[in-house]
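Just below is one structure, and these are the notes that go with it.
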Amino acid sequence: ELSLAIARPIVAAKVFNYRVLLLRHQRNHPEHSTESLLSAINGLADRMRNIEKALSLDVLRGYEGECATMYFGVLSQLIVAQEDDLQFVHRTKRPPLDPANAVLSFLYALLTNDVRSAVETVGLDPQVGFLHQLRSGRPSLALDLVEEFRAYLGDRIMLNLINLKQITKDDFEVRESGEVRIKDNARKVILSAYQKRKQEEIVHPLLDEEVTIGLLPHIQAQLMARCIRGDIPEYPPFYMNQ
């Protein structure tokens, strides 16, 4: 019951942030708005209502999977430059099979390392999660907290790098297995964009204080620790501003 109570708002925030990214694109690029994009936006809103009522972790994970399918099904529409060279067809992880997925996997790995460090700093065991089950060698709790940041510190940076042409098709190589690898110089560009993003300041939606984006994982880890200790009644995840 505790796992479900903590996992439910994490998934809700993840889906909310997915939806915000799609809504921003629709608002900023009305000429690229499509029926499939609108359908995904509405579908995510419907699933969010279901997520709030999920009565088991399995049901919750099912809704999360549906939302990911809807979101990644239209993510390619948010790429408005180099569409032919850097297409995103669907999410592929091990191995990534296109440049956009390779960038996403690299950014998610950077994010996971930051979140894991934050979790350990506040005295929590990164291996013991609530949404992600305990598995040897997997930082399940860190992966739990990563979920609410995927759109904000992963997908958004990937889209900016491609749409602003900071990376191009020449920054990747395809191996015989089909795996797409990022060349070393491009890795430096991506890492620089990630670090620059972390230095930006926002007003934290819950604390109502100005903080650097790089502090967000630590703030959320602190809130998680307070929730586990019983200092606060529930875990408040990070929601992007609309």
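List of remarks:
- Rounded if a/c under 1.5, otherwise prolate or oblate - the stretch 136-233, Cα gyration tensor axes: oblate
- Between amide H atoms placed 1.01 Å from N, distances below 5 Å from Phe172 occur with Lys183, all of them 5 or more places distant or on a separate chain.
- Accessible area of the stretch 139-179 belonging to carbon and sulfur atoms, whole % at 1.4 Å probe: 40
- With the charge dipole of the chain set up from +1 on Lys and Arg Cβ and -1 on Asp and Glu Cβ about the Cα centre, the Cα lying farthest toward the positive end among the listed residues Ile6, Cys67, Leu141 is that of Leu141.
- The value of relative contact order for the stretch 1-70, using C-alpha pairs under 8 Å at least six residues apart, is 46 percent.
- The sum of -39500 (n - 2.57) across all DSSP H runs of n ≥ 4, divided by the residue count of the chain, sets its helix-only mean residue ellipticity at 222 nm to -18000 deg cm²/dmol.
- The stretch 74-127 shape via C-alpha gyration tensor axes, a/c threshold 1.5: prolate
- For the chain, the solvent-accessible area with a 1.4 angstrom probe is 50 square angstrom per residue.
- Relative to the longest principal axis of the Cα atoms of the chain, the long axis of helix 184-199 lies at roughly 40 degrees.
- In this structure Ser36 has an accessible area near 60 Å², from a 1.4 Å probe over the protein heavy atoms.
- Shape of the stretch 1-124, Cα gyration tensor, a/c cut at 1.5: oblate
- Restricting the calculation to alpha carbons of the chain gives Rg and Dmax of 17.7, 53 angstrom.
- Percentage relative contact order, the chain, counting C-alpha pairs under 8 Å, at least six apart: 23
The values are calculated or read from the model by the stated rules, or taken from the named source; none is laboratory data. What you see is a predicted model; the values in this text were computed from it and never measured. Here the Cβ is made from the backbone with ideal geometry for all residues, glycine too, and neighbour counts use every protein chain on show. Heavy atoms of the whole protein, side chains included, go into the accessibility calculation; ligands, DNA and RNA do not. Shrake-Rupley method; radii C 1.70, N 1.55, O 1.52, S 1.80 Å.
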